[in-house]
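Asker: One structure follows; several queries about it will come next.
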Amino acid sequence: MSVKKLEGVLTAIVTPVDAQDQFNEAAMREQIDRQIAAGNGIFCGGTNGEFFALTESEKRSVAEVTMDQVAGRASVVGHVGEVSTAECVRVGRHIASLGVDAIAAITPWFVPLSQDDLHYHFSTIADALDVPVYLYNIPARTGNTITPETALRLAAHPNIAGIKDSAGTYESLTGFLNVAKQVPGFAVFNGPDSLIHQGFVDGCTGAVSGLANVAAREINNIWKLFKAGDIEGSRKQQEHVTSLRESLYKICFAPAAVKRATRLLGYAVGDSKYPVRISAEQEAQIRQVLTAHQITK
């Protein structure tokens, strides 16, 4: 199996909807082109893509439209977020058949699991798929945490390529980077937008960014400057992004704030499919944050 190396920024792309709350294909294609123009790859159907508020048909459409629109121009990771192992395998096989570069699978949510349960879950998925599999750790949302020890066990699987860590702490990220030092080829992708630069400094292969829906160029510049050897420039760009993140995310639930901010930039992405209603006052605050940070279309 020929494996494409994934690196840099992948945008956890929003799922646009129309006025009837149905998947908006044209707007999705526009967002994909916008991200590719900024230099970003695509992570589709993730938390910012509101995966667990989508129907199975919508999830399939998101992945199919993404692959069609990208057309080989950028890396694509398709996310699988079912609770049962068997459903993850079934859905994962379909997404893999579309030609994605990799599959990411979130820890099952709602059901409390042991580390052995998580090892079984991810190993079974990796056994069943013919594309690389990335673990997705986001304990604040799922209630289940992959420990570095379990990640080390899973890294021994020939089809488990790495992890996306969205635990939100430097300590967590460091634990998985230590696994990468022990297992050559195991890639760590940072989730929190506040840790993108530091993640690259410490050895992260890439970052999966929800905030890149709002600040596509600004977040890519953290990577671009770092890769060019301008470490100080990358750090300063990170400070700007961190300020944007802190200001925006204090207004309401982060994915809902990201989607509304993207809409306020002039893109027809619609409302959040999460039951988060944004007040006129909150919308005004989001506008102020975008203006203050000079974020434009």
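The values are calculated or read from the model by the stated rules, or taken from the named source; none is laboratory data. What you see is a predicted model; the values in this text were computed from it and never measured. No Cβ is skipped: glycine too gets one built from the backbone with ideal geometry, and neighbour counts run over all protein chains shown.
Asker: Given (1) farther than 23 Å from Thr150 by Cβ; (2) free of Cβ contacts under 8 Å to residues at least 60 places away in the same chain, identify the lone condition not met by Gln115.
Answerer: Here Gln115 clears every test but (1).
Asker: Please go through region 38-69 and give me each residue that is under 22 Å from Gly8 (Cα atoms), part of a helix (DSSP H, G or I) and touching a residue at least 60 places away in the same chain (Cβ under 8 Å), ordered by number.
Answerer: Answer for region 38-69, where residues must be under 22 Å from Gly8 (Cα atoms), part of a helix (DSSP H, G or I) and touching a residue at least 60 places away in the same chain (Cβ under 8 Å): just Ala38.
Asker: Condition check: modelled with pLDDT of 95 or more, over 26 Å from Gly49 (Cα atoms) and within 19 Å of the chain's Cα centre (by Cα). Does Gly203 satisfy that?
Answerer: Criteria met by Gly203.
Asker: Restricting the search to region 234-252, which residues are in contact (Cβ under 8 Å) with a residue 12 or more places away in the chain, over 14 Å from Glu283 (Cβ atoms) and of a type outside the set (Ser, Thr, Tyr)?
Answerer: Arg235, Gln237, Gln238, His240, Val241, Leu244, Arg245, Glu246
Asker: Another one. Inside region 70-86, can you point out the residues that are without any contact (Cβ under 8 Å) to a residue 40 or more places away in the chain and outside any loop (DSSP other than H, G, I, E, B)?
Answerer: Result: Val70, Val76, Gly78, Ala86.
Asker: If you check Asn178 against the conditions, is it touching a strand residue (DSSP E or B) at 6+ places or on another chain (Cβ under 6 Å) and among the polar types (S, T, N, Q)?
Answerer: In short, no.
Asker: Give the number of residues within region 139-176 that are within 24 Å of Asn48 (Cβ to Cβ), buried (at least 21 other Cβ atoms within 10 Å of the Cβ) and of a type in the set (A, V, I, L, M, F, W, C).
Answerer: Selection size over region 139-176: 7.
Asker: Within region 262-275, is even one residue surrounded by fewer than 20 Cβ atoms within 10 Å (Cβ to Cβ) and modelled with pLDDT under 95?
Answerer: Looking through region 262-275, at least one residue is surrounded by fewer than 20 Cβ atoms within 10 Å (Cβ to Cβ) and modelled with pLDDT under 95.
Asker: Does region 122-148 hold any residues that are under 24 Å from Gly210 (Cβ atoms), free of Cβ contacts under 8 Å to residues at least 60 places away in the same chain and part of a helix (DSSP H, G or I), and which are they?
Answerer: Passing the criteria: Phe122, Ile125, Pro139, Ala140, Thr142, Pro148.
Asker: Here's something else I'd like to know. Within region 78-107, take every residue that is more than 22 Å from Leu10 (Cα to Cα) and of a type outside the set (S, T, N, Q) and give me the one that is farthest from the chain's Cα centre (by Cα).
Answerer: So, considering only residues that are more than 22 Å from Leu10 (Cα to Cα) and of a type outside the set (S, T, N, Q), the one farthest from the chain's Cα centre (by Cα) is Ala86.
Asker: For Gly229, all conditions in the list (1) over 27 Å from Val17 (Cα atoms); (2) outside any helix (DSSP H, G or I); (3) in contact (Cβ under 8 Å) with a residue 40 or more places away in the chain hold save one; what is the number of the exception?
Answerer: (3)
Yes/no per residue for (1) out of contact with any strand residue (DSSP E or B) (no Cβ under 7 Å at 6 or more places or on another chain); (2) over 27 Å from Thr142 (Cα atoms); (3) charged (D, E, K, R); (4) at pLDDT 95 or above:
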residue	(1), (2), (3), (4)
Val17	no, no, no, yes
Gly41	no, no, no, yes
Thr55	yes, no, no, no
Thr66	no, no, no, yes
Arg90	yes, no, yes, yes
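Asker: For the condition farther than 21 Å from Tyr136 by Cβ and either modelled with pLDDT of 95 or more or surrounded by fewer than 24 Cβ atoms within 10 Å (Cβ to Cβ) (or both), what is the one hit in Arg217, Arg245?
Answerer: On inspection, the qualifying residue turns out to be Arg217.
Residues are listed down the side, and each one gets a yes or a no for (1) among the β-branched types (Val, Ile, Thr); (2) in a helix (DSSP H, G or I):
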position: Val208; (1), (2): yes, no
position: Leu225; (1), (2): no, yes
position: Lys236; (1), (2): no, yes
position: Val258; (1), (2): yes, yes
position: Gly266; (1), (2): no, no
position: Lys273; (1), (2): no, no
position: Ile295; (1), (2): yes, no
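Asker: If you scan region 1-37, which residues turn out to be in a loop (DSSP other than H, G, I, E, B) and either among the polar types (S, T, N, Q) or touching a Leu at 6+ places or on another chain (Cβ under 9 Å) (or both)?
Answerer: Of everything in region 1-37, those that are in a loop (DSSP other than H, G, I, E, B) and either among the polar types (S, T, N, Q) or touching a Leu at 6+ places or on another chain (Cβ under 9 Å) (or both) turn out to be Ser2, Thr15, Gln20, Gln22, Asn24.
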